[in-house]
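A.B. asks: If you scroll down you'll find the structure; I have some questions about it.
The values are calculated or read from the model by the stated rules, or taken from the named source; none is laboratory data. Note that this is a predicted model, so its numbers are computed, not measured. Cβ atoms come from the backbone with ideal geometry, glycine included; neighbour counts cover every protein chain shown. Note: areas computed on protein heavy atoms with side chains; ligands, DNA, RNA excluded. Shrake-Rupley method; radii C 1.70, N 1.55, O 1.52, S 1.80 Å.
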Amino acid sequence: EVISGSADDDGSPAGTGVQTVKIGYLDGSGVQKSETVTLNGTTAVETTATDIWRVNSFRAAAVGTGGVAAGAITLQELDNAPVFSSIAAGQTRARNMAYTVPYGKALLIHEISTSSAAATIEKAFLKFTLRGNLNEGAKTAVGFDFPLWEGVVAGTGWQVKLEEPIYVPALVDLHMVVIGNAATDAAAATAEWRGYLVSV
């Protein structure tokens, strides 16, 4: 189901925030699908699809005069937990660093970018690890994760263009893990990977 923290995220003409959202997902067989849901403010709206296995994207499809989400918009299980994805108030798209490669596809990652910002740069650094349940030898998904790439930044940005793309086959789950060196230091972090989906 999809629900907002604001009544202004509504599919009616009076809705000044996000009116509809588009969910990009994989079904139980890993096939890539999508569904558009019309919001009803703080009242939960169930998806038509009942076979959502992985959520790869969650974004606004239509907005009112406000142009952005008026409240936090959540995509969640029918009993309110777990939460699969969310669009923050003031935004139009979920920021997730988790992705599952669709059935019949392979992902070629050719570039990774990371950045951090902290008040005490000399003390705070962040380690970014791209992890995936990939058996690199057999090129198949397995039941546990391996590190596929790793880098450290401290109050700066780092863009890495890979000499050889990371080949990620169908149904492998990817996510970026970020670990700081000190629990008492606060640091903002951003990360992204860029690549191509190809048919296999």
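A.B. asks: Within the range 44-64, can you find the residues that are in contact with a strand residue (DSSP E or B) (Cβ under 7 Å, 6 or more places away or on another chain) and not small (Gly, Ala, Ser)?
C.D. replies: Listed by number, the residues that qualify are Val45, Thr47, Thr48, Ile52, Trp53, Arg54, Val55, Asn56, Phe58, Arg59, Val63.
A.B. asks: Next question. With (1) open to solvent by 40 Å² or more (accessible area, probe 1.4 Å); (2) assigned to a strand (DSSP E or B) as the list, and Ala81 as the residue in question, which single condition is left unmet?
C.D. replies: Looking at each condition in turn, Ala81 falls short on (2).
A.B. asks: Of the residues Val68, Val37, only one is open to solvent by less than 60 Å² (accessible area, probe 1.4 Å) and part of a loop (DSSP other than H, G, I, E, B); which?
C.D. replies: Of Val68, Val37, the one residue that is open to solvent by less than 60 Å² (accessible area, probe 1.4 Å) and part of a loop (DSSP other than H, G, I, E, B) is Val68.
A.B. asks: Could you grab me the full set of residues in the range 132-143 that are of a type outside the set (Gly, Ala, Ser) and either over 14 Å from Ile166 (Cβ atoms) or open to solvent by less than 70 Å² (accessible area, probe 1.4 Å) (or both)?
C.D. replies: Result: Asn133, Leu134, Asn135, Thr140, Val142.
A.B. asks: Looking at (1) surrounded by fewer than 17 Cβ atoms within 10 Å (Cβ to Cβ); (2) at pLDDT below 95; (3) not in a strand (DSSP E or B), which one does Gly155 not meet, given that it meets all the others?
C.D. replies: Going through (1) surrounded by fewer than 17 Cβ atoms within 10 Å (Cβ to Cβ); (2) at pLDDT below 95; (3) not in a strand (DSSP E or B) one by one, Gly155 breaks only (1).
A.B. asks: Would you confirm, using the coordinates I've provided, whether Ala7 is in contact with an Asp or Glu (Cβ under 7 Å, 6 or more places away or on another chain), hydrophobic (A, V, I, L, M, F, W, C) and surrounded by 14 or more Cβ atoms within 10 Å (Cβ to Cβ)?
C.D. replies: no
A.B. asks: Something else now. Does the range 167-200 hold any residues that are hydrophobic (A, V, I, L, M, F, W, C), farther than 16 Å from Ala98 by Cα and open to solvent by less than 70 Å² (accessible area, probe 1.4 Å), and which are they?
C.D. replies: Ala182, Ala187, Ala188, Val198
A.B. asks: On to the next question. Go through (1) at pLDDT 95 or above; (2) surrounded by fewer than 17 Cβ atoms within 10 Å (Cβ to Cβ) for Ala14 and report which single condition fails.
C.D. replies: So the condition that Ala14 fails would be (1).
A.B. asks: Does Ile112 count as open to solvent by 10 Å² or more (accessible area, probe 1.4 Å) and either more than 15 Å from the chain's Cα centre (by Cα) or under 23 Å from Val172 (Cβ atoms) (or both)?
C.D. replies: no
A.B. asks: Right, another one. Give the residue that is nearest to the chain's Cα centre (by Cα), with candidates limited to residues of the range 1-21 that are farther than 14 Å from Ala62 by Cβ and assigned to a loop (DSSP other than H, G, I, E, B).
C.D. replies: Checking each candidate, the answer is Glu1.
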